[in-house]
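Take a look at the structure set out below.
The values are calculated or read from the model by the stated rules, or taken from the named source; none is laboratory data. The shown structure was predicted, so the numbers you read here are calculated from the model rather than taken from an experiment. Ideal geometry is used to build each Cβ from the backbone, glycine not excepted, and the neighbour counts take in all protein chains shown. The protein model used for the area step is the full one, side chains on, heavy atoms only, and it has no ligands, DNA or RNA in it. Shrake-Rupley method; radii C 1.70, N 1.55, O 1.52, S 1.80 Å.
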Amino acid sequence: GMPAAPPPVITPRRKTRQFNVGSVGIGSNSPISVQTMTTTKTYDINATLQQIAEVTAAGCDIVRIACPTDKDAEALPIIAMKSQIPVIADIHFQPKYVFAAIEAGCGAVRVNPGNIRKFDDQVKEIAAAAKDHGTSIRIGVNGGSLHPKLLKKYGKATPEALVESAIWEASLFEEHGFHDFKISVKHSDPVIMVRAYELLAESGDWPLHLGVTEAGPTFQGTIKSSVAFGSLLSRGIGDTIRVSLSAPPVEEVKVGNQILESLNLRPRKLDIVSCPSCGRAQVDVYTLAEKVTAGLEGMKAPLRVAVMGCVVNGPGEARDADLGVASGNGKGQIFVKGEVIKTVPEDQIVETLIEEANRLAEQMDLD
Ligand code: SF4
């Protein structure tokens, strides 16, 4: 049949220049990519590759790995070669690791010029090596490690300070004819972060990597990142994102994907629509929604599944979904494409929904 029209987004993407991190395009001609960072010791090659496989399975597009020691630098070539997704080496203090990562075949290197004191002198060599190897760069400015001269000028990491740092560092690369870089201006305060990215977006056509740094544990971090990224992405700002959580990288990837899916910036996968429950509920909606979510985990088909606590609003909502249940009187009315196809006892609701979801998924495959 006809391909479906892409779902509407709030604002078109801000136009940026374009480059690649390995096989993944960065910039307004490419889909917004999701990143995370491994938590394993990079020199533990097996553990790191295992974690990369996990985040890849969860839908991560690009993975970043820290490179704080010689041992880690030595592990980069094999990790870059065996990883299923492009690898970005994260270098904080030592320029020699920047060169090691470029030679190791990493898709990109993240440098934090505020931390690399000798940076100015070495940009020319870094740019030349990166160009030779087709490696791109992320200039990662961070509120916590602003260059001393800017801290002195602004007193603290204001949006203007972050952006001045970013533009200065960008100019160092551009002076040497190197343009394949993206920029981040992270801060732990979403308000400062959003303002900094707004300013940066107005100042040039660099692709932007969004991040709220040190966002916190899953609950706080998810909300901070969602609010900040949502504000920017809904105005077309942001080309690749990393949700920082004090939680496993797979969780960061799931949150990142969900943020993009919520804004129609990534095709929606399974979408569970469940009611908040209220005094009319005739079933434990929370448990039911959890069981259905768990039972459908990993399903690739973009089904919308409604789990509703009663028959008041239930059928109406369930009708807009591909599939749904409205519960009442110890039973569940199962809806498929707006029609009640059967009514089952409460203890069979979950298995029936899973059965029907799989059937619909197979049909979608055939289409
Ligand atoms: Fe309440 Fe029923 Fe609406 Fe759920 S579907 S919130 S139980 S009225």
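Within the stretch 300-327, if we keep just the residues that are of a type in the set (Lys, Arg) and not in a helix (DSSP H, G or I), the residue that is nearest to the ligand (Cβ to nearest atom) turns out to be Arg304. Suppose the filter is open to solvent by less than 30 Å² (accessible area, probe 1.4 Å), more than 17 Å from Gly27 (Cβ to Cβ) and either of a type in the set (Asp, Glu) or out of contact with any strand residue (DSSP E or B) (no Cβ under 6 Å at 6 or more places or on another chain) (or both); does Thr158 pass it? Criteria met by Thr158.
Here the stretch 328-337 is the region considered, the condition is being within 16 Å of the ligand (Cβ to nearest atom) and either out of contact with any strand residue (DSSP E or B) (no Cβ under 7 Å at 6 or more places or on another chain) or at pLDDT 95 or above (or both), and the residue that is most open to solvent (accessible area, probe 1.4 Å) is Asn329. A single member of Thr11, Thr42, Thr56 is outside any helix (DSSP H, G or I), surrounded by fewer than 21 Cβ atoms within 10 Å (Cβ to Cβ) and among the β-branched types (Val, Ile, Thr), and it is Thr11. Counted as qualifying within the stretch 123-204 are the helices (runs of 4 or more DSSP H) with 2 or more residues that are within 18 Å of Asp239 (Cβ to Cβ), namely 159-175, 190-203. For the stretch 205-225, the set of residues classified as modelled with pLDDT of 95 or more, part of a loop (DSSP other than H, G, I, E, B) and either over 25 Å from Ser28 (Cβ atoms) or touching a Leu at 6+ places or on another chain (Cβ under 9 Å) (or both) consists of Trp206 only. The set of residues from the stretch 257-285 being open to solvent by 60 Å² or more (accessible area, probe 1.4 Å), within 11 Å of the ligand (Cβ to nearest atom) and either within 20 Å of Gly324 (Cα to Cα) or assigned to a helix (DSSP H, G or I) (or both) comprises Pro276, Cys278, Arg280, Gln282, Asp284.
Going through the stretch 219-229 one residue at a time, which ones are buried (at least 17 other Cβ atoms within 10 Å of the Cβ) and over 15 Å from Lys186 (Cβ atoms)? Scanning the stretch 219-229 gives Thr222, Ser226. When Glu297 is tested against (1) without any contact (Cβ under 8 Å) to a residue 24 or more places away in the chain; (2) open to solvent by less than 70 Å² (accessible area, probe 1.4 Å); (3) not in a strand (DSSP E or B), just one condition goes unmet, and that condition is (2). Scoring Val250 on the criteria (1) in a helix (DSSP H, G or I); (2) in contact with a Pro (Cβ under 7 Å, 6 or more places away or on another chain); (3) surrounded by fewer than 24 Cβ atoms within 10 Å (Cβ to Cβ) leaves a single failure, condition (2).
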